[in-house]
Amino acid sequence: MTDRNEERTFAALPPAGGRGFAQTWWGQAWLKALEDAALDSEQVKTGRRLARAGAVGAVSVRPGRITAMVQDRDRTAHRADVLLQELSEEQWDRFLDMAVERAGHIAALLDRDMPPHLVEDAAAAGVELLPGLGDLEAECGCGAWDHCGHTAALCYQMARLLDQDPFALLLMRGRGERALLDELQVRSSAPAEVPDTPDARQTGVDAAEAFAAGDILPPLPAVPELPEEPGQPPSLDTEAAPAPGLDPDAVEFLATAAAGEAYRLLAEALDSGHGQQAVEAEPTLAEDAVRLAAGSPEQAIAQRLAVGSGRDREELRLAVCAWRYGGVAALSALEDEWPVETESLARARAALESAWDEDERPRLRVSRNRWTAVGGSAQLRLGRDGRWWPYRKERGRWAPAGPAVRDPATALATAAGDLSGDPMSG
């Protein structure tokens, strides 16, 4: 059954620059459904410009609908919705039966790929996964009755998200990733039907015999307990000279970091709520270099990581500080700037105004998602998930000063206060 409450929220993407919006064939098919059906091509062009400029906020995807706040060039925000009809229960049954028979289709989806033959096989089973002409319906707070610049911008942004994760399309059609995989597992493990013939009824094992043998079979092994600490990789300090171009210290550092990451992943997998957690996105090379640098490598390795991540040593130092406070989200707050929705600005102003008396209230200069105390050394940065990161100016640069919090006043107090426990000192 479709879970009407299932929803995924994708963080706002940075401006697209000069790149195309859809790199995959299914992302391009999504955009074709928009461009072929829109009655006003100028609105489509406006939407493309807005999406390219980063005017689309976080995108909420749920069965039958996607939603985001989209800002005009004058920063007026409008709620934009694009609707796509869900598949019926009968259509989902046909799709799931087809997918169980062709395991390669599911393997491709898990690799975030949607091969053409998957869509073709689904269509042959009477199930259209991708939208066609007129399938993308628009609703917008600006009052337009057809696709306007705001809903077109949302469609262009969605094409980028579909490039990354085609499961978002399946959620729009009515099934989330976890529910879909669970249903496929149930169908894959279901016993095959045996033809009702005399020969078929005589094959197999008698039920009484199988039940009697149950006590003989060993029980399934218990789930292993989490070790107290990550394992230690073997030492490479041997009498043999390393191969040309091989840095034993770097290899040992990478092996130790890999053991620590495997330990973290195992701890998460053994957690009782692991099955309900969203799959983490793969880090970029630049993000992974910061993660490794947070492991306090020796100077030569840290320098290589700085070069590999496109940062100088001071930039890497600040990136490591941010990573220790909050991983990828904190790194984004350090390095990305983006426009803030009008509603979020109003809430933040109200929270800050209520936290101080009028004569004590700090004056803040607002620039996109960064709020700087006038005449002071404190700054707030709004993350894409709605949390506030405290920053403090040090040696002419803004440095992370603590973990993110929901209340901007608390973050500002942290930024202006004592920095004991600063992870940059580690």
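Taking N as the residue count of the chain, its C-alpha radius of gyration divided by 2.2 N^0.38 Å amounts to 1.22.
Pick from 169, 154, 130 the residue whose mean-square fluctuation is largest in a GNM of the chain, springs joining Cα atoms under 10 Å. Of 169, 154, 130, the Gaussian network model singles out 130 as fluctuating most. A Gaussian network model of the chain, with springs between Cα atoms under 10 Å, assigns the largest mean-square fluctuation among 404, 415, 350 to 350. Cα convex hull, the stretch 1-134: 128 Å³ per residue, rounded to a whole number. Using a Gaussian network model of the chain in which every pair of alpha carbons under 10 angstrom is joined by a spring, one finds that among 224, 234, 362 the greatest mean-square fluctuation is at 224. Considering only alpha-carbon pairs that sit under 8 angstrom and 6 or more positions apart, the relative contact order computed for the stretch 299-399 is 18 percent.
One equal scatterer on each Cα of the stretch 322-426, no solvent, Debye formula: the resulting log10 I(q)/I(0) at q = 0.13, 0.16, 0.24 Å⁻¹ is -0.42, -0.64, -1.47. Where the only charges are on Cβ atoms (+1 Lys, Arg; -1 Asp, Glu), what is the dipole of the chain about its Cα centre, to the nearest 20 debye? The dipole magnitude comes to about 2380 debye. Modelled label positions at residue 72 and residue 36, each set 7 Å beyond Cα in the direction of Cβ, lie 3.2 nm from each other. The mean sequence separation of alpha-carbon pairs under 8 Å and at least six residues apart, normalised by the residue count of the stretch 242-338, gives a relative contact order of 23 percent. Extension gain, residue 7-residue 254: 0.36 nm per intervening residue step, less the Cα-Cα distance, totals 85.2 nm. Between the beta carbons of residue 336 and residue 25, assuming R0 = 45 Å, the FRET efficiency works out to 0.95 to the nearest 0.05. Label-to-label distance, residue 361 versus residue 393, with points set 7 angstrom from Cα along the beta-carbon direction: 2.3 nm. By the helix-only formula, in which each DSSP H run with n ≥ 4 contributes -39500 (n - 2.57) and the sum is divided by residues, the chain has a 222 nm mean residue ellipticity of -13500 deg cm²/dmol. Along the axis of the charge dipole computed for the chain (Cβ charges of +1 for Lys and Arg, -1 for Asp and Glu, origin at the Cα centre), the listed residues 254, 174, 403 are led at the positive end by 403. Within the stretch 122-167, the percentage of alpha carbon pairs spaced more than 18 angstrom apart rounds to 44%.
Every number in this text was worked out from the coordinates using simple rules, so none of it is lab data. All of these numbers come straight from a predicted model, not from anything done at the bench. Backbone-built Cβ (ideal geometry, glycine too); neighbour counts: all protein chains shown.
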